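Laboratory data are not the source of any read-out in this text; all were calculated from the coordinates shown. Worth saying up front: this structure is predicted, and the values here are computed from it rather than measured. Here the Cβ is made from the backbone with ideal geometry for all residues, glycine too, and neighbour counts use every protein chain on show.
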Amino acid sequence: EIGRKLFAGEAGFYWAAASLGGLPPMTGVEIAFAGRSNVGKSSLVNALTGRRTLARTSHTPGRTQELNFFRIGRAGSPLAFTLVDMPGYGFAAVGKEKVAAWTDLIHAYLRGRANLARVYVLVDSRHGLKDTDARVLETLDKAAVSYQIILTKVDELRQSEAEGRIAATRSAIAKRPAAFPDILPTSSRTGAGIAELRAAVARLLAE
Ligand code: GDP
């Protein structure tokens, strides 16, 4: 299927930015993955790309908080794009000042990136939307950047709990202008929803 083909080609890290001034030039389509720290973002990026260690999971010592840019797909292909792994927000253990600096960077990037086609906002299916998530959605709505909510770790919930979380999340974003109405339940552990997410990215790029 189209989604699998998209991620079957090359994938490689090419840029890290710790500040707005350090961002790469705006070339090609960017698709960003954002979420609270520990939401399962690195695991999802690795599952999506089929690369075990493309994004560093929180177990990696010395993990830095930067925007990491990965090229996905063959250079020159109309479906090639840049995947942006954003720093996890709300990681309190590092101290208020650093959290504030990263939060500023995340919001500034989301507001000011003309080639940003979509943001996937990851939400832990056990916890649902938090205030820090709502602030990111607010920024995206104001900047008119389209986004979709991905629920992570659905393997931790029973089917009925997962359905309840999906319904609650859908109604929480119903009035948000830039939100894509469908909620994507996923699990990096079982692979649930990964093919659907790949297909969603492929459809977006084909638009
Ligand atoms: P990040 O900080 O958002 O990049 O999150 P990581 O990918 O490093 O994952 C954070 C923690 O959640 C780790 O302990 C992972 O093993 C766990 N985790 C990630 N994905 C899943 C999942 O799909 N299911 C479950 N049960 N745990 C997960």
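For the chain, modelled as a GNM whose springs connect Cα atoms under 10 angstrom apart, the maximal fluctuation among 99, 45, 119 occurs at 99. Using only side-chain charges placed at the Cβ, +1 for Lys and Arg and -1 for Asp and Glu, the dipole size of region 2-206 relative to its Cα centre rounds to 260 debye. For region 157-207, the set of trypsin sites (Lys or Arg not before Pro) satisfying both a DSSP loop assignment and a count of at most 14 other C-beta atoms within 10 Å is given as 158, 175, 189. In plain terms, the chain from residue 103 to residue 16 could stretch by 29.7 nm, reckoned as 0.36 nm per residue minus the Cα-Cα distance. Consider a paramagnetic label point 7 Å from the Cα of residue 171 along Cα→Cβ; state which residues of region 112-148 have an amide N under 15 Å from it. Correct set: 129. The value of relative contact order for the chain, using C-alpha pairs under 8 Å at least six residues apart, is 25 percent. DSSP finds beta bridges in the chain, and of those with both partners inside it, around 35 percent are antiparallel. Springs join every pair of Cα atoms under 10 Å in this Gaussian network model of the chain, and among 182, 124, 85 the largest mean-square fluctuation is at 182.
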